[in-house]
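What follows is one structure encoded as structure tokens, with my remarks underneath.
FYI, it's all coordinate maths here, none of it is from the lab. A quick note: this is a predicted structure, and the numbers were derived from the prediction, not measured. Here the Cβ positions follow ideal geometry from the backbone for every residue, glycine too, while neighbour counts run over all protein chains shown.
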Amino acid sequence: MPLDRNKLLRYQVLNTCFQDNSRQYRIGDLVDCCNRELRCYDLKEVSKRTVQLDVQTLQAVPYNVS
């Protein structure tokens with residue numbers, strides 16, 4: 001399985017979005033936030049499905065983000 005170097009950056013962006021209690025983010029908003037941050041580092045953008053899988057991973061046992 002290839003190493004995904006952008007995963008940690010995406011997790012950090014998603015965590016920031018989840019901690020923002022002043023707004024409810026929809027999946028499209030989360031994708032936009034991730035892609036905006038990735039563009040700042042000249043990295044490849046991600047799809048909606050990638051962000052959905054990241055959210056599922058963050059809801060799993062070691063992270064327990066709700």
Segment 16-37 residues near the modelled Gln56 label - backbone nitrogen below 17 Å, point 7 Å along Cα→Cβ: 27-28, 31
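Fewest to most neighbouring Cβ within 10 Å: what's the order for Tyr63, Tyr25, Tyr41? Write out the running numbers ahead of the final one.
Values: Tyr63 12, Tyr25 15, Tyr41 8.
Ranked by crowding around the Cβ, least crowded first: Tyr41, Tyr63, Tyr25.
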Positive-end residue, the chain charge dipole about Cα centroid, Cβ charges, pick of Thr50, Leu38, Ala60: Thr50
Mean Cα-pair separation over length for segment 7-56, i.e. relative contact order, pairs under 8 Å, 6 or more apart, %: 38 percent
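Take Glu45, Glu37 and order them by how many other Cβ atoms sit within 10 Å, fewest up front.
By the 10 Å Cβ count, ascending: Glu45, Glu37.
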Karplus 3J(HN,Hα) series, Hz, for segment 16-32 with 6.51 cos²θ - 1.76 cosθ + 1.60 (x for Gly, Pro): 4, 5, 5, 7, 7, 7, 7, 8, 9, 8, 8, 4, x, 5, 5, 4, 4
